[in-house]
Structure formats: structure tokens, C-alpha cells
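Trainee: Before I ask anything, here is the structure I am working with.
The values are calculated or read from the model by the stated rules, or taken from the named source; none is laboratory data. What you see is a predicted model; the values in this text were computed from it and never measured. Quick reminder, even Gly has a Cβ in these numbers, built from the backbone with ideal geometry, and neighbours come from all protein chains shown.
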Amino acid sequence: MIKSPLRPVLGAVAGAALLACAAMGAPASAAASDTVTVDRVGRLAADGTLTLSGTYRCTAATGPVFVSSSVSQDPPRDSTEDSARPADHAASVQYAIGGTRAVCDGAAHRWVNTGRTAPSTLRSGAAHVEATLVELRAQGLALLPHFHDVRQQDITLVAD
């Protein structure tokens, strides 16, 4: 994992590129050997810090590659506040949780992304994670996303 002052910025760029292209649909994976996995358990701290992790493998990248992740969780069903909301406001919200710079050398590597939400935003229990292995390729003056792999998985958030 690379630690630098640019890490949050690069993670935000990768996340923004992912969100901007989500409506257009992700292109096919770069290679059959490019993969990203998600661990079945995420760690949730009392201050709202969430840690997600997994593995990735990629090859043949020409630009910077990141493992970005996001989490969503259905609203509690037993809350009076939530049951009083109209149905269109009860949908889960997706939260970006960090971005890790990837090394595309064909070997398997671990990724760990950490992000913070308000302490009461997420809770222990079932959640849904999307992890994306995305490369930012130069196309003229723009950096455009090239998706190596996307994994959606149900996980369990546990309190630390």
C-alpha cells in the first residue's frame, strides 16, 4: 500500500471516474486473469471508520490502477423514522470507501481500503460491497477509466 499525500486525491479521482462511468455501463474486463475479490467481513469502528479488504491480480496496465470500493446497507426495518419515510427515500445509499493503488505485475496482492462515514450511518450486520479494479488511461488530455474487474458481494460488517 502506498502512503502519500496524493493517496486520498487519487482515490477520489478513481471513485469519481467509476461513478461517472457507472451510468454508461462498465466495459468488459481487460484480461481473464485480472480479478478483484472482497473479504466476507468488513470492520466498523465506533467513529464510523470502515475497513474493507480483499485481493486483486492484474496485468498489462499502461496507466495508474486502483482498487476502489463502496458499501451500501439497507435501512433498518424496525425504525419508526425509517418506516415513516416514503418508499423512494428508504433505499440504501452507496458510500465510497477509499482507493488503493494497485501493482499490475500478474501476482496476487491484498488491498485494504478505509473510509469514514458519520458514526450512525452504518451499523453491524449485512451490507453490500462493490470493489472495482480500474485503470486511468490517458486519452488525449483526459484520463478515462478502463475496468479490469468489478466484484459485487454481500458481506457482514462487524464492530471493532
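Trainee: List every residue pair whose Cβ atoms sit under 9 Å apart, with the two residues 6 or more apart in sequence or on different chains, where the first one lies in segment 103-124 and is over 15 Å from Ser70 (Cβ atoms) and the second, anywhere, is of a type in the set (Asp, Glu) and surrounded by 15 or more Cβ atoms within 10 Å (Cβ to Cβ).
Mentor: Cys104/Asp34; Cys104/Glu135
Trainee: With the requirement that a residue be under 14 Å from Thr51 (Cα atoms) and in a loop (DSSP other than H, G, I, E, B), what does segment 98-117 give you?
Mentor: Thr117
Trainee: Is one or more of the residues making up segment 36-54 part of a helix (DSSP H, G or I), more than 14 Å from the chain's Cα centre (by Cα) and either modelled with pLDDT of 95 or more or closer than 18 Å to Trp111 by Cα (or both)?
Mentor: For segment 36-54, residues part of a helix (DSSP H, G or I), more than 14 Å from the chain's Cα centre (by Cα) and either modelled with pLDDT of 95 or more or closer than 18 Å to Trp111 by Cα (or both): absent.
Trainee: Just checking, does segment 129-143 include any residue being loosely packed, with under 14 Cβ neighbours inside 10 Å, modelled with pLDDT of 95 or more and outside any strand (DSSP E or B)?
Mentor: no
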